[in-house]
Amino acid sequence: MRQPLIAGNWKMNGTRSGAEALIKGVLEGASLVGRAEVAVCPPFVFLDAAERLLAGSPVRLGAQNVCTEEGGAYTGEVAAAMLAEFGCRYVICGHSERREYYGETDEIVAKKLAVTIAHGMTPILCVGETLQQREQGEMESVIAGQVDAIMDRNGVASFAQLEIAYEPVWAIGTGRTATPEQAQEVHDFIRRRIAGQDPAIAAKVRILYGGSMKAGNARDLLSQADIDGGLIGGASLAADDFLAICQAGDAVAG
Ligand code: PGA
């Protein structure tokens, strides 16, 4: 049984005081979550405050991005070593918003995964197809391409050190969620793709679902055999909503 991971992706939202209040709210309810693992991924500038507030709690910290390079003259970037120093356990890599708005290619994503792992953190590799790709029957080829790009560059062994998030682009922030069956089909496809190279690693890797997951649909999604958690955007910005999803993760883990 893979332990569910519920991770909040705050994206570029919040103020310092709002972020602190949200962390405190999550901490208040976190004691009710026993079996699911819980993580929050605030913007970089709130990591310091988040690390202090989360100290000693089971709630883990993650970042939303990382630089491909180790350090030096890369204005505006943040290095993996810095994230590790601020207590990050997870780093979201290759989110569709990064791929679409900032031109992140599979090659860049592969480098981000490698540098994250090299610094002792766990990447959350995001993959997903657009609505147009799905409607044109390209879902499997797009997902296979994104997964293979990492297996080819970093080796299948790297999948023992990362999490995957399947995030259909058409479901992100749209309120339009993949049905549990639609999501399960893709999760199963991803796991079989990895199993083609290493069945033991495929059986262990956690594959989270992301895309308008909320309290009302979390349990049905998380009950699917190959859905091992959630990467939560909008619904992670209110502590009660996020905690309700964490509790759904707990319920299915039980
Ligand atoms: P959403 O975002 O839950 O707001 O759809 C998910 C994500 O982009 O990680």
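The values are calculated or read from the model by the stated rules, or taken from the named source; none is laboratory data. Computed from a prediction, not measured in an experiment: that's the story for all the values here. When we count neighbours, we look across all protein chains shown, and the Cβ atoms used for this are built from the backbone with ideal geometry, even at glycine. Accessible surface areas use protein heavy atoms only, side chains included; no ligands, DNA or RNA. Shrake-Rupley method; radii C 1.70, N 1.55, O 1.52, S 1.80 Å.
So that you can scan it fast, the table gives a plain yes or no per residue for (1) surrounded by 18 or more Cβ atoms within 10 Å (Cβ to Cβ); (2) outside any strand (DSSP E or B):
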position	(1), (2)
Val45	no, yes
Glu51	no, yes
Gly62	yes, no
Asn65	yes, yes
Tyr74	no, yes
Ala81	no, yes
Ala84	yes, yes
Ile92	yes, no
Ile108	no, yes
Evaluation of Cys88 against (1) open to solvent by 70 Å² or more (accessible area, probe 1.4 Å); (2) more than 26 Å from Ala195 (Cβ to Cβ); (3) under 15 Å from the mean Cα position of the chain (by Cα) (one fails), failing number: (1)
Extreme residue, nearest to Ala7 (Cα to Cα), among residues of the stretch 135-181 that are within 16 Å of the ligand (Cβ to nearest atom) and surrounded by fewer than 15 Cβ atoms within 10 Å (Cβ to Cβ): Gly173
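Listed here are the residues, each with its yes/no results for (1) more than 20 Å from the chain's Cα centre (by Cα); (2) under 18 Å from Glu163 (Cα atoms).
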| residue | (1), (2) |
| --- | --- |
| Arg35 | no, yes |
| Val38 | no, yes |
| Leu47 | no, no |
| Val59 | no, yes |
| Glu70 | yes, no |
| Cys93 | no, yes |
| Glu104 | no, no |
| Thr122 | no, yes |
Qualifying helices (runs of 4 or more DSSP H) (wholly inside the stretch 139-232; at least 1 residues being free of Cβ contacts under 8 Å to residues at least 24 places away in the same chain and of a type in the set (S, T, N, Q)): 139-154, 180-195
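What number of residues within the stretch 185-221 are closer than 22 Å to Phe242 by Cα, more than 13 Å from the ligand (Cβ to nearest atom) and either over 15 Å from the mean Cα position of the chain (by Cα) or open to solvent by less than 10 Å² (accessible area, probe 1.4 Å) (or both)?
Number of matching residues: 3.
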Residue list for the stretch 110-125, restricted to those being in a helix (DSSP H, G or I) and small (Gly, Ala, Ser): Ala110, Ala114, Ala118
Positions within the stretch 225-246 being small (Gly, Ala, Ser) and either within 20 Å of Leu32 (Cβ to Cβ) or within 8 Å of the ligand (Cβ to nearest atom) (or both), in sequence order: Gly229, Gly230, Gly233, Gly234, Ala235, Ser236, Ala238, Ala239, Ala244
Residue pairs meeting the criteria (Cβ under 7 Å; at least 6 apart or on separate chains; first in contact (Cβ under 8 Å) with a residue 40 or more places away in the chain, in the stretch 78-105; second open to solvent by 40 Å² or more (accessible area, probe 1.4 Å) and in a strand (DSSP E or B)): Arg89/Arg60; Tyr90/Arg60
Exclusive hit being within 16 Å of the ligand (Cβ to nearest atom) and within 19 Å of Ala238 (Cβ to Cβ), set Gly29, Gly18, Gly62, Gly25: Gly62
Options Glu51, Glu37, Glu85; residue that is of a type in the set (Asp, Glu) and under 26 Å from Gly128 (Cβ atoms): Glu37
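So, Gly128, is that one buried (at least 21 other Cβ atoms within 10 Å of the Cβ) and in contact with a Cys (Cβ under 8 Å, 6 or more places away or on another chain) or not?
no
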Subset of the stretch 18-28 that is buried (at least 17 other Cβ atoms within 10 Å of the Cβ) and touching a residue at least 60 places away in the same chain (Cβ under 8 Å) - its residue that is nearest to Ala49 (Cα to Cα): Leu22
Within the stretch 95-106, considering residues that are within 17 Å of Phe44 (Cβ to Cβ) and in a loop (DSSP other than H, G, I, E, B), the one nearest to the ligand (Cβ to nearest atom): His95
